[in-house]
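Here, each number is a calculation from the coordinates, and none is a lab measurement. All figures in this text were calculated on a predicted structure; none of them were measured in a lab. In this analysis, Cβ positions are derived from the backbone assuming ideal geometry, glycine residues included, and neighbour counts consider all displayed protein chains.
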Amino acid sequence: MNDTPDRKYLVPEKPTLDNIEAHWIANWDQIGINAFDRGATRENIFSIDTPPPSVSGSLHMGQVFSYTHTDAVARFWRMRGKSVFYPMGWDDNGLPTERRVQNYFGVSCDPSMSFNPSFAPPFNGDVPKGHRSVAISRPNFIQLCEQLTQQDEKVFEYLFRRLGLSVDWSLLYTTIGDRARQTSQQAFLNNLARGEAYSQEAPTLWDVDFRTAVAQAELEDRERPGAYHSIAFARSDGIGDVLIETTRPELIASCVALVAHPDDARYVPLFGRTVRTPLFDVEVPVHAHELAQIDKGTGIAMVCTFGDLTDVIWWRELNLPTRVIVGRDGRILAESPEAITTPRAKETFAQLAGKTVKQAQTTIVELLRTSGELHGEPRPTTHPVKFYERGERPLEIVSSRQWYIRNGGRDPALRDSFLQRGTELAWHPEFMEHRYDNWVEGLIGDWLISRQRFFGIPIPLWYRLDANNEPDYDNPLKPSLDQLPVDPSSDVPTGFDESQRGIAGGFAGDLDIMDTWATSSLTPQIAGRWIDDHELFARVFPMDVRPQAHEIIRTWLFSTIVRSHYEHSSAPWKNAAISGWILDPDRKKMSKSKGNTVTPFELFEKYGSDAVRYWATSARPGVDTAFSEEQMKVGRKLATKLLNVSKFVLGVEVVDSRVTPSEPIDVAMLQRLAQVVTESTVAFENFDYARVLERTEAFFWWFCDDYVELVKTRAYDTTAQSASAVIALYRALNTLQRLFAPLLPFVTEEVWSWWQPESIHLGPWPTSDGILDDVVSHDDGEQLLFTVSEVLSHIRRSKTEGKTSQRTAVEYLKISGTANQLNFINSCMDDLRNAGGLSKIELVTHDQDAITVEIRLAPNSR
RNA sequence: GGGCGCUUAGCUCAGUUGGUUAGAGCAUCUCUUUUACAAGGAGAGGGUCGGGGGUUCGAAUCCCUCAGCGCCCACCA
């Protein structure tokens, strides 16, 4: 191996970490070290399904953290000689972008309007207060979304480069761009053709503020105050009342039944009979159902359409009628359900009409109190309520027509096949697989993919309108694949023209868009150019790894498996590398809302990118980790040390570069290093960048503190023993720089450039053979190093305890140890003598395990 | 209620199949300008490895059990 290339080294007088990032980023771009070589064969490609960050906010520490992990692994494989497929994507599709665009330009989207090619936004980021937003067509709105996200994307790209991500930027994609739209629509049409996608009119979780349907995966529970209300339903047979408890008395008008458990003796006599709803005088049946809980409330529950998901189950399984009273804006409808017939009831309903759910509750409680049907006062409680994760008011359940993709939530056999796909992945760390299984096993319905929003990928369908202007949902009009991407709100289906839009006998475009996950679930296909570059796709898919955070296993990871299963009958990747979260130093999940959070850019400036990467890669894979500037300081110290020790080694003159390391301590050091290389290689292959750092770093500090100190004097000499040390030093330096390269790409490239012609990042990755192939190894190298370090440590301790400089000479040293130990000492006696400043030395054999040392320091020269 | 993870020094964490006296960094204290590095270096103090029980020649490590913390899911009358 070429440890010591024959050239003048360019070691700076005063090595520094300042501004090395800008210099090397420019250099790497110029020589193209990150470029994916698509000519490589599949076995020589390492492909990464990079998470596309949402660009609507700013880069946060969690992203710095997890993207660094992936980059370290990517750099490792690149050094191993693989062609690394490392794309970046911008997730600019979806609600966060919509909200920014509305506020930034002062516009709102009306998908029923048609495209205006000469539209210009009324404002550019300076929307005055009180401005009424201008309604524009969906294509115009999307143009503005693209315009704004492009600005944000520039900032993100700069920060990712500054962090040192070795992304091939020519592979960039966006989740709203043409390729993503085409991919997403084509995959949807394939799902539709194979029966994996279907539309259905059904109860749907609905956000009343965003006015869109929401999927199970986007729900979260929040503890909210509420109150139990005891309400009397009159028995139709006149024998008294039935008391129910509810937290939602405002829904009495939508009550369609009462249910109790079949074994509940209190209510058995009521099953099959009816009761009358208070205030609204509607006769509703009493049913038995297993899901009713005997010990909850009074044991008998009011079924409304719809108060919660259990209501939906009862409604479906008991074939109950539908009485909708809550509108899609979260207010009580103007029209009462048909079942409400008496004048008193109609008048009561009129008092609720138009009110929000909350206002309606206040009113109805007052009415019940007056009528005497409220028993006692409401008893306050707190209970979990379902929210859309981005929403601010509880979800309602409305009946609406939506598109679904089958995900096994209603089909045990299909569910099993998704569980099986999960087992085909290697999970890092392994226990993360439980989260996946847990989620798939808990699915209660198919995946709802349609959203009543604007900035997203349209459902690529139109519907014929019959003579009554009613859409024919069962026979949608589909675009051909070469028409994709389409926007049904402005494009026209084949065989029709624009004048027929919305009129009887004509057509209507589906105005819904797909859920953001419906597109993100296709990132391997989008990045790998499934639709337009089959040769490339075959080379990168299934991808080697999906790196991602654990909270989106249920969304992104699962949905990607679903799409891949349908489209390719395989898992989408071989490995799933799950990263942890960043926690505040107080160990709470780090929140963006905290005012004085440091930005990544400030940290890059303050400590250097390598130091920030050091912090990120010192966390074990998958473990939630506290944000720590202290760790970054340590990382900077390490980088500085690497500069200095490189300067030292490269300052030693190489007399003959063909020499083989032969001195026992030099060989033992190289053997220890070879062990580190072996362990690091295995660790990287298992995505355990943290172990690589730990092992390499531990060796590195020992190397600097003990080995270099021991051999320093000998290395300056010109004897045969000297040559052994010099070669060992160079070989170790060469190896250490490469071991650190995936973790600390900037400083390693800097020190490598002082003496090597090519970029360190093009490899090769070190091997244990490369270190030892010309060396005669010894089995007891570790014991030798251990023994020598111990003696050295004794000498140092004595000097410290004697409160004197480490340079102080030792007049007399007596070492007692086993014959073996004394042999080790003897084999590097000169190094020890030089490092310790020793003169008279006596070696005494004893048969205890521990070495003992007696020292007499020279009188202090001062 | 189900599942998963965690609990080791003041703090943040390693400790890979059970094996010398349980480690590192930070923090604290002491010494030290040394010619790669003072934005250095050398050392010291500090832990009954969450509690209890078991297996074993031997347990931070394996088993049982209890407790605390965190997360995911479920429950929502």
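Some observations on this one:
- Loop-located GluC sites (Glu not before Pro) in the range A:423-466 (DSSP state other than H, G, I, E, B) with a sparse environment of at most 14 neighbouring Cβ atoms within 10 Å: A:Glu430.
- Centre-to-centre separation between the Cα atoms of the range A:615-683 and those of the range A:78-108: 36 Å.
- Cα gyration tensor shape of the range A:742-862, rounded if a/c is under 1.5, else prolate or oblate by comparing a/b with b/c: oblate
- Degrees separating the helix A:629-650 axis from the principal Cα axis of chain A, which is the longest one: 30 degrees
- Centroid-to-centroid separation of the range A:428-482 and the range A:29-71 [C-alpha atoms, Å]: 29 Å
- Net charge in the neighbourhood of A:Asp49 (other residues with Cβ under 11 Å of its Cβ; Lys, Arg +1, Asp, Glu -1) is +1.
- For the range A:43-136, the list of trypsin sites (Lys or Arg not before Pro) that fall in a loop by DSSP and count at most 12 other C-beta atoms within 10 angstrom reads A:Lys129, A:Arg132.
- If you take all other residues with their beta carbon under 10 Å from the beta carbon of A:Thr818, and give Lys and Arg +1 and Asp and Glu -1, the sum is -2.
- Folded to 0 to 90 degrees: helix A:412-424 orientation relative to chain A principal axis, Cα: 10 degrees
- Direction-averaged projected area, Cα convex hull, chain A: 48.7 nm², rounded to one decimal.
- GluC sites (Glu not before Pro) within the range A:267-361, DSSP loop, no more than 10 other Cβ atoms inside 10 Å: A:Glu290, A:Glu338
- Between the range A:790-835 and the range A:388-402, the C-alpha centres lie 75 angstrom from each other.
- Cα shape, the range A:375-465, gyration tensor, a/c 1.5 rule: oblate
- Fewest-first sequence of A:Thr149, A:Thr640 by Cβ atoms within 10 Å of each Cβ: A:Thr640, A:Thr149
- Average Cα contact separation per residue, chain A, under 8 Å, 6 or more apart, as relative contact order %: 15 percent
- Dipole axis of chain A (+1 Lys, Arg; -1 Asp, Glu on Cβ), positive-most option in A:Thr560, A:Val612, A:Ser166: A:Val612
- Based on DSSP H segments of at least four residues, each scored -39500 (n - 2.57), chain A has a per-residue ellipticity at 222 nm of -12000 deg cm²/dmol.
- Relative contact order of the range A:468-544, pairs being alpha-carbon contacts under 8 Å that are 6 or more residues apart, as %: 22 percent
- Long pairs among A:Lys82/A:Lys637; A:Lys606/A:Lys712; A:Lys82/A:Lys647; A:Lys14/A:Lys633, criterion Cα-Cα beyond 26 Å: A:Lys82/A:Lys637; A:Lys606/A:Lys712; A:Lys82/A:Lys647
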